[in-house]
Amino acid sequence: MECDKIINDIYSEVKSSLPEGRVADYIPELAKINPDKFGIALLTIKGESFAAGDVDEIFSIQSISKVFLLAMAFSAVGEDLWKRVGVEPSGNTFNSIVQLEYEKGIPRNPLINPGAHVLCDILLDELEDPYEALLDFVRKISGNRHVEYNEKVFKSEKNFGYRNASLINMMKSYGNIHNHVDAVLDFYYHACSIELSCQHLTRAFLPFANISIPFDYNDVTLTKSQIKRINAIMLCCGFYDESGEFAFEVGLPGKSGVGGGIVAINPGQYSVATWSPRINPKGNSVFGMRALEMLTSRTENSIF
């Protein structure tokens, strides 16, 4: 079956199904998003592009930005990164303070909230202007030179970020945060507020799928070994405490965000992104999860 037909069939079937889930209204600015938006885009390493639906509309990528932060921090400090953050699935919610206290301020992995706080802390230490460096990196890797922070989303998250504040203060008490907690949180919230479209995300994540091309984007350089490890973390940890379910149903490394976006890669083949703002209780897009399960089932092609 041709990829174009598969993508369009998946879009039509998912779009016509009954809506499930709800937008992430605990972030007031995200509550304003039209919940019925849906798009799916796929880009192969040969440059073939297939898409259907709302794939050109930008949206808040939220925790998808953690992969960009991880790439930058891993590039900056190398293996020293793993002294401050682990690589195991959390098994708990992405903002669990109980687990963080039990493990004495060392986040279980970089793709949960406290893990991303540590990444931000590292970049504040290592970079002269981490805000501009992050934008420059995302602009370069996504091919979208107009990428910006959404200040309304940033302020909305900051004003209601009580749980994130508790997490970072917990880590500060254990010595795993070096900078002032407000500085780290401001950078973290700005990273979450970045806006991209499905089309942008497929371009941004294709370098993680296509390791035949050197990974070098605005001074963010990664070896093949480092890319392999980032992909492994995405597979095991990219969907909060639903990562096992995603690996079981879809079988691709990827990352989701509570803005409704999901991006995944099939190493050596393609990157794929979906957007649908209705999320399930785990924080993952209902339509996005469904669409990607259909994709790997109908193509009979995953990493397994």
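Just so you know, all these numbers are worked out from the coordinates, no wet-lab data involved. Since this is a predicted model, take the numbers as computed values, not measurements. Every residue, glycine as well, gets a Cβ built from its backbone with ideal geometry; the counts of neighbours run over all protein chains shown.
Over what distance in Å are the Cα centres of the stretch 33-48 and the stretch 174-242 separated?
If we compute the Cα centre of each part, the gap is 19 Å.
Can you list the residues, at least 5 places off or on another chain, whose amide H is less than 5 Å from the amide H of I177, using H built in the peptide plane?
K172
Decide, for the stretch 153-226, between rounded, prolate and oblate: order the square roots of the alpha carbon gyration tensor eigenvalues as a ≥ b ≥ c, take rounded if a/c falls under 1.5, and otherwise choose prolate if a/b is larger than b/c, else oblate.
Here the stretch 153-226 falls in the oblate category.
How about the stretch 211-304: which GluC sites (Glu not before Pro) there lie in a loop by DSSP and see at most 15 other Cβ atoms within 10 Å?
The qualifying sites are E300.
If I model a spin label at Y26 and D80 as a point 7 Å from the Cα along the Cα→Cβ vector, what separation in nanometres do I get?
Distance between label points: 3.4 nm.
Cα gyration tensor of the stretch 172-304, axes a ≥ b ≥ c as square roots of the eigenvalues: rounded (a/c below 1.5), prolate (a/b > b/c) or oblate?
Here the stretch 172-304 falls in the oblate category.
Counting pairs of alpha carbon atoms under 8 Å apart in space and at least six apart in sequence, what relative contact order in percent does the chain give?
About 29 percent, as a whole number.
Order these by the 10 Å Cβ neighbour count, fewest first: V272, V14.
The order, fewest Cβ neighbours first, is V14, V272.
Using a Förster distance of 22 Å, how high is the FRET efficiency between E128 and A165, based on the Cβ-Cβ distance and rounded to 0.05?
0.25
In what sequence do I97, I233, I227 fall when counting other Cβ within 10 Å, fewest first?
I97, I227, I233
Across the stretch 158-174, in residue order, what do the Karplus-derived ³J(HN,Hα) couplings come to in whole Hz, using 6.51 cos²θ - 1.76 cosθ + 1.60 with θ = phi - 60° and x for Gly and Pro?
Using θ = phi - 60°, the values come out as 5, 5, 10, x, 5, 5, 4, 4, 5, 5, 6, 5, 4, 5, 4, 5, 9 Hz.
Between T223 and T299, what length in nm is gained on full extension when 0.36 nm per residue of separation is reduced by their alpha carbon distance?
Extending this stretch completely gives an extra 24.4 nm.
Kindly list the residues of the stretch 1-43 that lie in the label zone of S212, defined by a backbone N under 20 Å from the point 7 Å along the Cα-to-C-beta vector.
Those under the cut-off are 3, 42-43.
For F215, which sequence-distant residues (separation of 5 or more, or a different chain) have an amide H within less than 5 Å of its own amide H, given hydrogens modelled in the peptide plane?
Close amide H contacts, sequence-distant or interchain: L222.
For the stretch 197-304, what relative contact order do you get, as a whole percent, if you take Cα pairs closer than 8 Å and at least 6 residues apart?
This gives 26 percent for the stretch 197-304.
With a/c under 1.5 counting as rounded, go ahead and sort the stretch 1-95 into rounded, prolate or oblate using the C-alpha gyration tensor (a ≥ b ≥ c being the square roots of the eigenvalues; past the cut-off, prolate if a/b is larger than b/c, else oblate).
Since a/c reaches 1.5 but b/c is at least a/b, the shape of the stretch 1-95 is classed as oblate.
Quick one: helix 3-15 against the long Cα principal axis of the chain, what's the angle to the nearest 10°, folded into 0 to 90?
70
So for the stretch 37-155, averaging the separation of alpha carbon pairs under 8 Å that are six or more residues apart and normalising by length, what relative contact order in percent results?
For the stretch 37-155, the relative contact order is 20 percent.
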